[in-house]
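We did not get these values from a lab; they are worked out from the coordinates using the rules stated. As the structure is a computational prediction, the values presented were derived from the model and not from experiment. For neighbour counting, all protein chains shown are included, and Cβ atoms are generated from backbone atoms with ideal geometry for every residue, glycine included.
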Amino acid sequence: MNLLIFYILAIMAGVSALMVVTLKNIFHSALFLVLTLFSIAGIYILLGAEFLAGVQVLIYVGAITILMIFAIMLTYQISNKNIRQVNEQKGYATIIVLLFFILSLWTVLKTAWPVSDGSLPERNTFELGRQLLSTYVIPFEVVSVVLLVALIGAIIISRRDSQEEN
């Protein structure tokens with residue numbers, strides 16, 4: 001049953017991720033990103049990482065996606081019909097994606113994936129918190145600075161757009 005649920009979540013994550021990058025409406029792309037992140041949280045639950053699933057929902061689905069939606073909504077004329085939504089680099093992108101897919105498939109098929117017979121620590125949430133605040137404290141803080149810069153950038157862009165309008 002777990003394998004079936006995993007496949008459903010994996011397919012849902014893959015299809016919704018594909019919709020994120022192929023839809024022309026940026027707001028709909030953000031909504032499909034929410035579905036992708038929820039699917040990943042479901043996979044975390046299947047792996048026995050409930051804390052990571054909760055953090056995934058709170059931080060990524062709750063905070064980052066809402067930040068992106070606010071940035072989209074604050075950007076002046078984001079849904080204007082006169083905005084050109086054509087990318088002239090589709091050919092290059094297709095070639096790069098195919099090469100990446102072939103390389104990834106080759107790597108997955110040629111790698112001997114070790115299976116751990118060990119169990120999770122009894123207090124895995126405590127251990128994860130200890131690792132985040134000791135070993136991985138610098139990347140953890142860098143991510144918070146990057147998110148702050150993204151929020152400030154969205155505000156600056158929206159102010160420039162509204163000032164150019166007046």
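At a threshold of 8 angstrom on Cα-Cα distance, excluding pairs fewer than six apart, so keeping six or more, what relative contact order does the stretch 1-157 reach in percent?
Relative CO of the stretch 1-157 lands at 19 percent.
Hey, what number do you get for the chain at 222 nm if only DSSP H runs of n ≥ 4 count, each worth -39500 (n - 2.57), divided across all residues, to the nearest 500?
Calculated at 222 nm, the ellipticity per residue is -24000 deg cm²/dmol.
By how many nm would the segment from Met73 to Tyr92 lengthen if fully extended, with 0.36 nm per residue of separation less the alpha-carbon distance?
Length difference between fully extended and current span is 3.8 nm.
Based on DSSP H assignment, which helices of the chain show an axial Cα extent of at least 15 Å together with a mean Kyte-Doolittle hydropathy greater than or equal to -1.0?
Once both thresholds are applied, what remains is 2-22, 26-46, 90-110, 137-165.
Sort the chain into rounded, prolate or oblate with this rule: let a ≥ b ≥ c be the square roots of the eigenvalues of the Cα gyration tensor; rounded if a/c is under 1.5, and if a/c is not under 1.5, prolate when a/b is larger than b/c, oblate otherwise.
Oblate, because a/c is 1.5 or more while a/b does not exceed b/c.
What trypsin sites (Lys or Arg not before Pro) in the stretch 93-153 are in a loop by DSSP, with at most 13 other Cβ atoms within 10 Å of the Cβ?
Arg123
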